[in-house]
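> The structure follows.
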Amino acid sequence: MRALSSSQVAVGNNVLLDGRLALFHKRERWLAVADLHFGYELSQRAAGNLFPLWGMQTIEKRLKELLRTYNPLRLIILGDLVHDRAAAREATHLVKRLSRYCNVLLIAGNHDHELTNVIDLVDSWTTKRFHFHHGHCMIDCPDRIQIIGHYHPAGTMADGAGLRLKLPALVQRRDCWIMPAFSPWSGGTGFTPDQRSRVWLCSPQRIIRLEEAA
């Protein structure tokens, strides 16, 4: 694995945030992403909306780049693998291709309920320090940090001259980390830092802590 760059930051003991919207644990060697909503454009086309098809290609390309960079033992997809049933077949093929790199663990999200008969999903996964689940259902887990998706967090930077830039974000609270959505179609839900949380804005070139960008 290459040395730390401006697009990587240590956000916990042995845990790196990559600006390509992923977390990597250097010792346990898991790589986590959330909310792919793979095939969103197929869902839109099925509803009669004309959408370009580059989203699925972009998702797969970025995932493979991350897998080559970190060479993890396990890829954790934290729910909402697909947007709906329109992409079930394509998502199954995607998982098979990703499985050539490492073990792929699929956590069920609220958009994945129609995948249960075609792909293996689990409700959650636990390590000594972390508990992974999608986040659409409340879970009592006082002895571990929860890592979840579902909320598609984002934050906004301003330059004082009227220019505003909204970026996907990792939100860190003491007992819960909220992953940015991996989908290129996600508009993002605005989060701002407070005394209980840190907000990291993510881009492939740089990661910025939101309070430092004000």
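> Under a no-solvent Debye model with one identical scatterer per Cα of segment 108-150, what's log10 I(q)/I(0) at q = 0.33 Å⁻¹?
-1.20
> Once you keep just the Cα pairs under 8 angstrom separated by 6 or more residues, what percentage relative contact order results for segment 8-153?
On the way: 264 pairs, mean separation 29.7, N = 146.
Relative contact order for segment 8-153 comes out at 20 percent.
> Now, a different point. Which net charge results for the neighbourhood of residue 27, defined as the other residues with beta-carbon distances under 11 angstrom from its beta-carbon, given Lys and Arg at +1 and Asp and Glu at -1?
+3
> Which residue, 87, 47, 161, tops the fluctuation ranking in a GNM of the chain built on C-alpha contacts under 10 Å?
161
> Could you check which residue among 40, 151, 101 shows the biggest mean-square fluctuation in a GNM of the chain with a 10 Å Cα cutoff?
The residue that fluctuates most here is 101.
> Below 16 Å, Cα to Cα, which lysines can residue 26 reach? Residues fewer than 8 away in the same chain don't count.
Candidates past the 8-residue exclusion: 128.
> Still on this structure, please answer the following. Starting from the Cα gyration tensor of the chain, multiply each eigenvalue by 5, take the square root, and state the resulting semi-axes largest first in whole Å. The partial results should precede the final answer.
On the way: eigenvalues 128, 90, 59 Å².
Whole-Å semi-axes of the equivalent ellipsoid: 25, 21, 17.
> Here is a follow-up. Of the residues 144, 45, 196, which exhibits the maximal mean-square fluctuation in a Gaussian network model of the chain defined by a 10 Å Cα contact cut-off?
Among 144, 45, 196, the largest GNM mean-square fluctuation belongs to 196.
None of the figures in this text is laboratory data; all of them are computed from the coordinates on show. Just so it is clear, the model here is predicted, and its values are computed rather than measured. Because the Cβ atoms are built from the backbone with ideal geometry, glycine has one as well, and the counts that use them run over all protein chains shown.
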